[in-house]
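Below you'll find the structure, written out as structure tokens, and then a few comments.
The values are calculated or read from the model by the stated rules, or taken from the named source; none is laboratory data. Here the structure is a predicted model, which is why all the values come from computation and not from measurement. Quick reminder, even Gly has a Cβ in these numbers, built from the backbone with ideal geometry, and neighbours come from all protein chains shown.
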Amino acid sequence: MKVKYSYLEEQFGDHQAIFSSIDALIKSGDYTLGKPLEEFEQKFARILGARYAVGVNSGTDALFLSLKALGVGAGDEVITAPNTFIATVGAIVASGARPVFADIMHNDYIINPELLEQAITPRTKALMPVHYAGHPADMPTILKIADKHHLPVIEDSCQAISASIDNKCVGTFGATGGFSLHPLKNLNVWGDGGIIVTNDAAVRDRLILLRNHGLKTRDEVQIFGYNSRLDTLQAIVGNHLIQDMEKMTGTRIKWANRIDAGLKNLSSFITIPERRKGHRYVYHLYMLIVKKRDELLSYLIENDIEAKVHYPIPVHLQEAAKGLGYREGDFPETERQRKSIITLPVHQHLTEEQIDYMIEKIKLFYK
């Protein structure tokens, strides 16, 4: 039995409905900022419970443009977690600001609010918690810290579409929330894509300018902006899939719960992250903290289970981050987990038999 990590062939196996909509697009010639994009933005905002959504070129740009819309620039600092994907930190650097890291929680992947507050300095301009792997960060606590220090919060929700805390979707807690529509995300398109949600009309208006060269009209440039529009074609793909987002998410949650239950008796070998009450985890990545990680990884791959590691080198230890001045040992929890985390396939196109096969192989390995 083979348990694949990628599911794109199955995801878009029935693509004729998308092609029909693309035929209509070709006839209209409405390739940029077209009506399907407006429809997708409205649907996305409604599903998340946000007032506004602004489609952009990528999840990275969703974070970068959020930073620019909130006035972050040279000389500023933005606090985030060191275990995130490089795009989070790349967006901060691209804005001109300096990324500052705060370590993550013990046996969880989200930023530690206490350490986040300790990292605040007079130069801090924004906080950027990451809803890593589809796990909601502790937004109620982070918002209290942000209010105390009068700082905006930009939520990196790129891996967490429809994750929530007490039925409030992540991305809607802070000033903005940035989401990715990359092909391997829970809601995906045929290439790069991103979307920003906000409840602030002024922020929405600035984002609309920033994503489209700063153009107020076809001939008037209000500010110097960027070329970061979500293509109408990608919005068509998004419109096709968004109607099934809840079903896809529900299947991921079901499989994750099944794996949790199947491995709960291996607690001497495997740590399942805390599933906090009132938090909805959407499992963009299903990750465990395990003993003998590298041996287990090789064993699973040998048995046709496409397990992965996200990410073996934390951002603060990457060559690109040398100039930030961080060293091995600065973030002990992140560094401990990088040697023991493993990602298992958990997408919506797997079957119960495949999930059970994976569980049994892990049990057999540790036996």
Would you check if D138 is acidic (D, E), at pLDDT 95 or above, at negative phi and surrounded by 20 or more Cβ atoms within 10 Å (Cβ to Cβ)?
yes
With the checklist (1) within 28 Å of S162 (Cβ to Cβ); (2) more than 21 Å from the chain's Cα centre (by Cα) in hand, flag the one item Y283 doesn't pass.
(2)
Could you list all residues from segment 129-160 that are more than 12 Å from the chain's Cα centre (by Cα), of a type in the set (A, V, I, L, M, F, W, C) and in a loop (DSSP other than H, G, I, E, B)?
L151
How do the pairs read when you match residues in segment 29-54 that are farther than 18 Å from L215 by Cα with residues anywhere that are at pLDDT below 95 and not in a helix (DSSP H, G or I), using Cβ under 8 Å and keeping only pairs 6 or more apart or on different chains?
P36/D30
Note: among G55, G13, just one is surrounded by fewer than 17 Cβ atoms within 10 Å (Cβ to Cβ) and outside any helix (DSSP H, G or I), namely G13
Need the failing condition index for K264 against (1) surrounded by fewer than 18 Cβ atoms within 10 Å (Cβ to Cβ); (2) without any contact (Cβ under 8 Å) to a residue 24 or more places away in the chain; (3) part of a loop (DSSP other than H, G, I, E, B), just the number.
(3)
Can you tell me which of K254, K247 is surrounded by fewer than 18 Cβ atoms within 10 Å (Cβ to Cβ), basic (K, R), free of Cβ contacts under 8 Å to residues at least 12 places away in the same chain and not in a strand (DSSP E or B)?
K254
Among the residues of segment 210-230, write down those that are of a type in the set (K, R) and assigned to a loop (DSSP other than H, G, I, E, B).
K216, R218
If you go through segment 295-350 one residue at a time, how many are part of a loop (DSSP other than H, G, I, E, B), out of contact with any Ser or Thr (no Cβ under 8 Å at 6 or more places or on another chain) and acidic (D, E)?
3
